[in-house]
Amino acid sequence: MAATKKVTTKPVVKATEAAVKTTVPKTEEKKAEVKTVEKKAEAKPAAKKAEVKAEVKPAAKKAPAKKPAKKAELKSAVYVQFAGKSYAQEDLLKIAKDVWKYDLKQKAGDLTSVELYVKPEESMAYYVMNKEFTGSFYI
């Protein structure tokens, strides 16, 4: 029985030694390849950094263009209230644009100017659009 133990251990040891010998050179080759790739990668950023520094210096010499100070814009809102109704300026303009588009059968992009005259006692708004079309609508 002792003889069988020796026979089984020798082939296992030889097989593992052979496997180790064949894998070691492969890893050494890979390490050499990785080192050469790293050296190439390191050389490129250094060249790019020099180019970037050269480009930044001329741009820094230019003075930024000064913009004129913005004036404070006046904010306004117009509301018409009568007989329990309330209309904002935006509401009346929306109705006028709908009249232009649907009633007058014109393109929305062709509308360049709108003048509205509101007469609460008549519940009417009169309009002049593009200084050419006149009419009215109920509010």
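Averaging the sequence gap over all C-alpha pairs within less than 8 Å and six or more residues apart, then dividing by the number of residues, gives region 81-139 a relative contact order of 21 percent. Which entries in the list Lys107/Lys131; Lys85/Lys131; Lys85/Lys107 go over 23 Å, if you measure between the two C-alpha atoms of each? The answer is Lys85/Lys131; Lys85/Lys107. Which entries in Lys71/Lys97; Lys71/Lys119; Lys94/Lys119; Lys75/Lys101; Lys70/Lys97 show an alpha-carbon gap greater than 23 Å? Pairs exceeding 23 Å: Lys71/Lys97; Lys71/Lys119; Lys75/Lys101; Lys70/Lys97.
What does the extension gain come out to for Asp91 and Ala77, with contour length at 0.36 nm per residue minus their alpha carbon separation? Extra length available between Asp91 and Ala77 comes to 3.9 nm.
On full extension, the segment bounded by Ala69 and Tyr138 gains 20.4 nm, given 0.36 nm per residue less the C-alpha separation.
Laboratory data are not the source of any read-out in this text; all were calculated from the coordinates shown. What you see is a predicted model; the values in this text were computed from it and never measured.
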